[in-house]
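Asks: Got a structure for you, written out below as structure tokens; questions coming shortly.
The values are calculated or read from the model by the stated rules, or taken from the named source; none is laboratory data. Since the model is a prediction, treat every value here as computed from it, not as a measurement. Positions of Cβ are generated from backbone atoms using ideal geometry, with glycine treated the same way; all protein chains shown enter the neighbour counts. What goes into the accessible areas is simple: the full protein's heavy atoms, side chains included, and nothing from ligands, DNA or RNA. Shrake-Rupley method; radii C 1.70, N 1.55, O 1.52, S 1.80 Å.
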Amino acid sequence: MPELDDVDARILGILVEDGRRSFREVARRTGITTPTVQARVKRMMDEGLIRKISPIFDVSKFKQGLVFHLYLRVNPAEIENIADKLEKNPEVRGIYLTTGENNLTLRVAVESLEQLQRFTETLSNDFGVKQNSSQMIVKIFKDDQPVLIRPGTAVELKCETCNGSISGKPFVLKVAGRERFFCCQTCLGKFRETYEPKLKGLAIAIESPSSQ
């Protein structure tokens with residue numbers, strides 16, 4: 001499993017503080033070149049470590065909208081499937097697996113209590129999920145990302161073919177400048193076979209763990 005080095009950690013720390021900073025500003029603050037920052041950020045986005053860069057809103061500044069935490073009890077065998085489906089719901093702004101009897105917590109944003117009621121009915125009718133309790137967020141004092149970024153932090157990669165976790169160094173397929181990661185030569189081969197028509201004419205390079 002790859003790890004963040006000191007440069008990665010410094011870049012991420014600066015972007016967490018303010019994602020609006022330009023690559024040039026990040027480079028100046030980290031003491032490296034702008035192309036290096038661009039390459040590092042691109043790699044971390046290819047790895048899925050950075051999913052997207054988007055604004056973080058202070059919900060207390062908006063006159064409309066209510067934010068709640070819903071505490072759910074879900075069959076452990078169905079948690080991932082239910083979480084995947086809930087992720088597509090626009091009201092759901094956060095999904096957290098937790099310990100204890102209430103093992104799934106949702107952060108939802110709705111326009112009214114009536115909309116919240118409709119959403120909770122959907123949880124029961126469509127997903128068979130029992131909501132044990134809920135709390136409304138009335139003011140946010142701090143809402144940073146719950147990730148401690150430091151050199152040596154392990155980064156989990158998923159295989160593009162089987163979606164399994166990659167342990168050790170991955171097999172890397174570079175397609176038109178973008179890196180895709182695989183757990184083994186077999187999965188890499190299956191990916192190439194499936195998408196062979198789309199890969200024709202593109203610049204392709206393969207890096208195996210033995211060659212790194």
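Asks: Leaving ligands, DNA and RNA out of it, report the carbon-plus-sulfur percent of the accessible area of the chain at a 1.4 Å probe.
Replies: Of all accessible area on the chain, carbon and sulfur atoms account for 50 percent.
Asks: State which stretch of the chain is the longest one without any exposed GluC sites (Glu not before Pro), exposure meaning a DSSP loop state and at most 10 other Cβ atoms within 10 Å.
Replies: In short, 102-212.
Asks: For a distance above 23 Å, tell me the whole-number percent of Cα pairs in the stretch 70-170 that qualify.
Replies: 41 percent
Asks: Apply the Karplus parameterisation 6.51 cos²θ - 1.76 cosθ + 1.60, with θ equal to phi minus 60°, to every residue of the stretch 110-119 and state each ³J(HN,Hα) to the nearest whole Hz, in sequence, with x for glycine and proline.
Replies: Result, ordered by residue: 10, 8, 7, 5, 5, 5, 4, 4, 5, 5 Hz.
Asks: Which residues in the stretch 105-126 place their backbone N less than 16 Å from a point set 7 Å from the Cα of His69 along the Cα-to-Cβ direction?
Replies: Under 16 Å, as judged by backbone N against the label point of His69, lie 105-109 of the stretch 105-126.
Asks: Rolling a 1.4 angstrom probe over the protein heavy atoms, how many square angstrom per residue are accessible across the chain?
Replies: Computed with neighbouring chains in place, this is 67 Å² per residue.
Asks: Over the stretch 1-139, what is the mean sequence separation of C-alpha contacts under 8 Å (at least six apart), divided by residue count, expressed as relative contact order in percent?
Replies: 23 percent
Asks: If you stretched the chain out fully between Arg43 and Leu113, how much longer would it get, using 0.36 nm times the residue separation minus the C-alpha to C-alpha distance?
Replies: Stretched out fully, the Arg43 to Leu113 stretch lengthens by 20.9 nm.
Asks: Go ahead and estimate [θ] at 222 nm for the chain from helices alone: -39,500 (n - 2.57) per DSSP H run with n ≥ 4, summed, over the residue count, rounded to 500.
Replies: Roughly -9500 deg cm²/dmol at 222 nm, from the helical runs in the chain.
Asks: List the lysines whose Cα sits under 18 Å from the Cα of Lys190, skipping any in the same chain fewer than 8 residues away.
Replies: Of all the lysines, those that pass the test against Lys190 - Cα under 18 Å, at least 8 places apart if same chain - are Lys158, Lys174, Lys198, Lys200.
Asks: From the mean inverse distance of alpha carbon pairs (Kirkwood) and the Cα radius of gyration, derive Rg over Rh for the stretch 27-117.
Replies: So for the stretch 27-117, dividing Rg by the Kirkwood Rh gives 1.12.
Asks: Then there is this: Calculate how large, on average over all directions, the projected area of the Cα convex hull of the chain is; give the answer in nm² to one decimal.
Replies: Mean shadow area of the hull around the Cα atoms is 15.4 nm².
Asks: Could you please put Phe191, Phe127 in sequence from largest to smallest accessible area, using a 1.4 Å probe?
Replies: So, going from the largest accessible area down, we get Phe127, Phe191.
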